[in-house]
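Written below as structure tokens is the structure these notes are about.
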2 protein chains.
Amino acid sequence: MLQTTIEMEKAAVILKLMGDKTRLTMLKLIDNQACCVCEFVEIFQTSQPSISQHLRKLKDLGLVNEERKGQWIFYLVNKNNEYYSFIKPILDQLPNQDYKLNELEEKGTRISCC
Amino acid sequence: MLQTTIEMEKAAVILKLMGDKTRLTMLKLIDNQACCVCEFVEIFQTSQPSISQHLRKLKDLGLVNEERKGQWIFYLVNKNNEYYSFIKPILDQLPNQDYKLNELEEKGTRISCC
DNA sequence: TAATTATATAACTATTAGCTTATATATTCA
DNA sequence: TGAATATATAAGCTAATAGTTATATAATTA
């Protein structure tokens, strides 16, 4: 078969991280477009440290990249990560979450990255 | 797109369940062939209640089916479950675990279901 | 340069999850 | 029917996880 294979251990770690609604939604969102911490705070209506801690876990596994743009730090799914091919088919089955960003856009609280 | 879609909430619950090495390996094994509790106990070298509790969680979500054959209860991935199409592509990326059953076969501890 | 804004991190707390031990139930077999 | 085998479940313990509060760092702006 042409299927890629991943060690069970690693797969379980990744799936556990994805098995959290906040992190899963984050990944789905930033598979398309970069988002900064303060946007996540508004989208998920939770505290900034909570968001940062979720992002930290995703970053530690290499699933996301961060990029500072001035005072903001933008996060984006790391498509070069060796496990991207594992998570991509999962993300593709999830409902699009872009409406969450559109809501920010309408409220004028979207941070447009240059 | 022709992609199936699943609610975020449900997806997160399923991924969390799959994010455990024991349960993930179980699912991969019984995607092909039925296994009974005592086989899992031997494969994972853990206690019977622990195995039963893992299976219980998978069963509660409808991911697996059980079928009694005499004194044994065999478990199998439920391919009729509405979320099977969600988990199948994940399982397909995992390395085949059948060698674990082959080991039982050699040791003579495989329970052959009629 | 001081105040403000964005983010990260550390410490603490509460909740959850997994395992163990003990026990109950169901089936088989002598 | 009584003993043995297979499985489930409940209760309790411990470890892991997620969130909160407090604080530190970095960049921006007045």
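The values are calculated or read from the model by the stated rules, or taken from the named source; none is laboratory data. Please read these numbers as outputs of a predicted model, since none were measured by experiment. Don't worry about glycine lacking a Cβ; one is built from the backbone with ideal geometry, like all the others, and counts go over all protein chains shown. Protein only, heavy atoms only, side chains kept; ligands, DNA and RNA dropped before computing areas. Shrake-Rupley method; radii C 1.70, N 1.55, O 1.52, S 1.80 Å.
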(message) Under the convention of a label 7 Å out along Cα→Cβ, give the distances in nm from residue A:95 to the same position in every other copy, shortest first.
(response) 3.8
(message) What do you get for the angle between helix A:8-18 and the principal long axis of chain A? Use alpha-carbon atoms, 0 to 90 degrees, nearest ten.
(response) 20 degrees
(message) With +1 assigned to the C-beta of every Lys and Arg and -1 to the C-beta of every Asp and Glu, and no other charges, what is the dipole magnitude of the protein assembly as shown about the Cα centre in debye, to the nearest 20?
(response) 300 debye
(message) Counting only other residues whose beta carbon sits under 10 Å from that of residue A:110, what net charge do I get with K and R as +1, D and E as -1?
(response) -4
(request) Could you size up the charge dipole of chain A around its Cα centre, putting +1 on the beta carbon of Lys and Arg and -1 on that of Asp and Glu, and report it in debye to the nearest 20? (result) 180 debye
(request) Provide B:50, A:47 ordered by accessible surface of protein heavy atoms (probe 1.4 Å), highest first. (result) A:47, B:50
(message) Calculate the FRET efficiency for residue B:103 and residue A:7 from the Cβ-Cβ distance with a Förster distance of 22 Å, rounded to the nearest 0.05.
(response) 0.75
(request) Using a Förster distance of 30 angstrom, determine the FRET efficiency expected from the C-beta separation of residue A:71 and residue A:46, and round it to 0.05. (result) 0.90
(request) Between copies, how far apart are the residue B:33 label points? List them in nm, one decimal, shortest first, with each point 7 Å from Cα toward Cβ, please? (result) 5.0
(request) Rounded to the nearest 10 degrees, what's the angle between the helix B:98-107 long axis and the longest principal axis of chain B, both from Cα atoms, 0 to 90? (result) 10 degrees
(message) Less than 27 Å apart at the alpha-carbon level, and either on another chain or at least 8 residues along: which lysines does that give for residue B:59?
(response) A:10, A:16, A:21, A:88, B:10, B:16, B:21, B:28, B:69, B:79, B:88, B:100
(request) With an 8 Å cut-off on Cα pairs and a minimum separation of 6 or more residues, tell me the relative contact order of chain A in percent. (result) 29 percent
